[in-house]
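Below is one structure, written out as structure tokens, with a few remarks after it.
The values are calculated or read from the model by the stated rules, or taken from the named source; none is laboratory data. Source: prediction; values computed, not measured. As a convention, Cβ positions derive from the backbone with ideal geometry for all residues, glycine included, and neighbour counts pool all protein chains shown.
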Amino acid sequence: MPPSAMTDFNAVLKVGLEIHVELATRSKMFSSAPNVAHPDYFDAEPNTLCDPVVLGMPGVLPVINKQAVEMSILVGLALNCKIAKRTKWDRKSYYYPDLPKNYQISQYDQPLCYEGHLDIPLASPASHSDAQPTKTIRIIRAHLEEDAGKLLHEAPGGYAIDHSIVDLNRAGTPLLEIVTYPDFDSAEQVVTFCQMLRNICRSLGVTEGIMQKGHIRFEPNINVIIERKGEFFKTPIAEIKNLNSFKSVFGAINYEFTRQIEVWQETGKVMKARAKSTRGWDDNTGTTFLQREKEDADDYRYFPDPDLVPVEVSDQWLESIRAKLPELPLARERRYIDSLGIGPKEAAIIVDDVQLTRFFEAVLAAGVEPRRGVAVLLNNLAKRANEKGVHIDQLGIKPGQIKTIVDMTARNEISSAGADQLYSLCCEDPAAEPAKLAESKGLLQVSDDGALDAWVDEAIAGNAKSVEAVKAGKEAAIGALVGAVMKLSKGKANPKSIGDKLRKKLLG
Ligand code: MN
């Protein structure tokens with residue numbers, strides 16, 4: 001916490017967030033060129049996802065991507081925002097080599113979504129149960145715009161070049177910018193929010209949310225409120241640009257907290273209205289560095305784009321979008337705990353991963369009892385997925401196979417070790433029938449009483465010492481007898497029924 005223990009002041013961190021989310025529509029925000037944020041085009045060659053609109057050729061006309069608007073409204077609803085009945089498009093003018101038009105189409109004074117909030121859990125993220133304290137983070141707005149291209153300072157493959165090159169595949173990708181109030185007072189809170197937001201966006205299906213691809217980028221605005229002898233000082237705000245990992249968000253905020261206090265101690269410099277410095281983050285050194293310092297806020301000469309019509313959101317359209325709103329991660333987690341009886345830790349693991357959630361829901365739909373399903377996923381299958389370096393839903397095994405194996409285990413037809421083997425075999429062969437597999441691999445347990453009784457009698461006859469021990473009250477000695485029966489049955493007897501039979505015969 002603050003380095004105030006040895007000092008005469010108290011320092012409180014203050015952070016607001018801007019988040020850019022690339023929407024995974026098939027085509028771009030204002031043209032039919034394919035969108036690099038859509039999985040079909042992730043690996044497109046540089047500068048192949050372009051058309052005259054993206055390149056900003058004279059005389060082209062942009063056309064609004066309706067799906068991008070709907071996806072944005074979905075996110076807005078999930079963040080408890082109000083949705084504008086009417087919204088328009090504005091040109092934000094600036095020059096940069098990755099921006100062919102010399103302006104970005106954005107939304108200035110009439111954002112599509114506004115005045116929302118998201119409650120984040122304050123304590124351990126492993127559980128979001130009702131008892132846990134939460135904090136409300138207010139959302140100022142969420143508006144739709146287009147992404148810029150990308151400047152590269154080395155050639156693809158990492159070769160050094162003495163100039164910069166541009167890839168415009170990303171230019172024109174639909175971009176949702178979400179802005180919060182400065183309601184955070186710790187880096188932990190910010191990271192919790194970022195993770196929740198990513199999870200929400202992924203569960204809404206509006207983005208793949210792959211951080212390394214820059215699908216979601218965070219820009220914290222950070223300063224520190226210092227109190228000394230009843231007097232308050234605010235350090236100048238620094239905005240850290242384009243963070244695309246939770247680790248860098250966490251590192252940058254904590255680094256700034258210390259740095260800003262140190263600078264204040266040295267210079268006494270405090271915040272000025274409309275002034276803000278922009279800083280970058282160096283992952284290697286774990287430090288931020290100054291990019292530019294401005295005494296005045298940017299003047300982007302915003303004005304309404306004359307080529308685009310305003311968007312009118314009718315009640316009917318809004319309701320049809322609201323109807324598509326799926327269960328959100330936090331509500332799902334509560335339902336798993338409260339209605340399905342799943343443990344808080346397990347529920348959090350499943351809900352925090354959209355792919356795992358979908359697979360788990362499919363397993364439930366196949367009729368598997370929820371707690372059994374969780375155990376199969378997090379024990380049997382997680383182990384295998386780890387070994388293979390794939391995701392659980394990519395193992396190949398089908399929910400129907402899981403249901404059959406769970407049922408066979410419940411009926412004592414197979415042992416738990418046999419079940420584990422069957423899960424493996426089904427991962428290799430998603431078309432296999434578990435019952436036939438169990439038979440052909442000799443995994444079926446013998447539950448025929450006649451056969452079991454014969455083995456039990458043989459074991460009792462051949463292990464006098466253990467028998468005496470059991471009769472003398474040494475319960476643990478029964479294990480040796482069970483082992484003897486298992487050997488006689490070549491592992492096909494059910495250990496639990498054998499134990500029961502032995503107890504009945506020896507102890508009455
Ligand atoms: Mn923006």
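Observations
- Helices (runs of 4 or more DSSP H) enclosed by the stretch 301-362 - at least 1 residues per element that are polar (S, T, N, Q) and over 26 Å from the mean Cα position of the chain (by Cα): 315-322
- The residue of the stretch 127-141 that is modelled with the lowest pLDDT, among those that are surrounded by fewer than 16 Cβ atoms within 10 Å (Cβ to Cβ) and small (Gly, Ala, Ser), is 129.
- Hey, residue 76 on the phi > 0 side of the Ramachandran plot and either at pLDDT below 95 or in contact with a strand residue (DSSP E or B) (Cβ under 6 Å, 6 or more places away or on another chain) (or both) or not: no
- Inter-residue pairs, beta-carbon under 7 Å, first over 30 Å from residue 120 (Cα atoms) and in the stretch 56-84, second surrounded by fewer than 15 Cβ atoms within 10 Å (Cβ to Cβ), 6+ apart: 60/52; 61/307; 62/307
- Of the strands (runs of 3 or more DSSP E) that lie entirely inside the stretch 140-181, those containing 2 or more residues that are within 15 Å of residue 92 (Cβ to Cβ), hydrophobic (A, V, I, L, M, F, W, C) and within 15 Å of the ligand (Cβ to nearest atom) span 174-180.
- Looking only at the stretch 6-31, and only at residues there that are more than 20 Å from residue 89 (Cα to Cα) and in a strand (DSSP E or B), the one that is farthest from the ligand (Cβ to nearest atom): 10
- Annotation: of all residues in the stretch 144-190 being of a type in the set (Gly, Ala, Ser) and in contact with a Leu (Cβ under 7 Å, 6 or more places away or on another chain), the one that is farthest from residue 27 (Cα to Cα) is 186.
- Selected residue (only one of 34, 58 is away from the ligand (no atom under 16 Å from the Cβ), buried (at least 16 other Cβ atoms within 10 Å of the Cβ) and not acidic (Asp, Glu)): 34
- Filter pass, residue 289 being among the aromatic types (Phe, Trp, Tyr) and part of a strand (DSSP E or B): yes
- Matching residues in the stretch 182-215 - criterion: being farther than 19 Å from residue 70 by Cβ and within 16 Å of the ligand (Cβ to nearest atom): 214
- Residue match in the stretch 79-100 (condition: among the hydrophobic types (A, V, I, L, M, F, W, C) and within 16 Å of the ligand (Cβ to nearest atom)): yes
- Among residues of the stretch 455-471, those that are surrounded by 13 or more Cβ atoms within 10 Å (Cβ to Cβ) and among the small types (Gly, Ala, Ser), counted: 3
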